[in-house]
Amino acid sequence: RSSAGKGVILLSAHYCGIRVGKRYLAANGYPTLSVRDEFLEEKSLGRMRRRMLDPRRIEFLRSILGETVFVQDRDCTLKILQRLRSGGLVNIHFDGRSGKKNARWPFLGVSRDFAIGPLDLARLSGCAVVPMACTGNAAGFRLRFGPPIEITYESEREEFVRANLPGFVSAIEAQVREYPEEWEQWMT
């Protein structure tokens, strides 16, 4: 199946440099829709932080992330598919832990859950899925794209997930193994 004109999912792991890379892409005519969890207030922190600092932190994060859709938005999938069907770019951090439906697969030597939403998006849109890693910071960064992930099209959702989840996980695992010191998930 050809993915021409069907947009691209840029599959990445959580790196701080990704923010710089997406700003670079946007400045060069390639705006990228970011898919992420909504910014939540931290209830365990003091009132001053919740009232004064958190709103500013959230405003700052929104200003550097650019165009974003939150997985909690009930129209999230429609917004993503609209961007893909118009030939646009969508960035998904596949090492994230959000998702209503998950599938378990080995990752860095342990079994963990992965949201199958990105697989559904690829199946429904027919788009290309390209690994993207951006390391470094505004003083110097490196943006790298891997070869498109080979997608096997199956008629049933479960078969599609079973056939393609290993390729998605493998692409992200390769990024983390290559740049372990910059992977944000080590910090959580």
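Assorted remarks:
- The amide H of Phe107, built 1.01 Å from its N in the peptide plane, has Arg112 as neighbours under 5 Å, considering only residues 5 or more places off or on other chains.
- Among Arg112, Arg104, the sequence by solvent-accessible area, most first, with a 1.4 Å probe is Arg104, Arg112.
- The value of relative contact order for the range 109-180, using C-alpha pairs under 8 Å at least six residues apart, is 27 percent.
- Relative intensity of the range 67-188 on a log10 scale, I(q)/I(0) at q = 0.11, 0.19 Å⁻¹, equals -0.39, -1.22, per a Debye sum over C-alpha point scatterers of equal strength in the absence of solvent.
- The solvent-accessible area of Asp75, taken with every protein chain present and a 1.4 Å probe, is close to 60 Å².
- The packing ranking of peptides 167-175, 88-96, highest mean first, is 88-96, 167-175, where packing means the average number of other beta carbon atoms within 10 angstrom of each residue.
- Its Kirkwood hydrodynamic radius, worked out from the mean inverse distance over all distinct Cα pairs, puts the range 76-125 at 11.9 Å.
- The Cα-based radius of gyration and maximum Cα-Cα distance (Dmax) for the range 133-181 are 14.5, 46 Å.
The values are calculated or read from the model by the stated rules, or taken from the named source; none is laboratory data. Please read all numbers here as calculations on a predicted model, not as lab measurements. Every residue, glycine among them, receives a Cβ derived from its backbone with ideal geometry; neighbour counts consider all protein chains shown. For accessibility, only protein heavy atoms count, side chains too; no ligands or nucleic acids. Shrake-Rupley method; radii C 1.70, N 1.55, O 1.52, S 1.80 Å.
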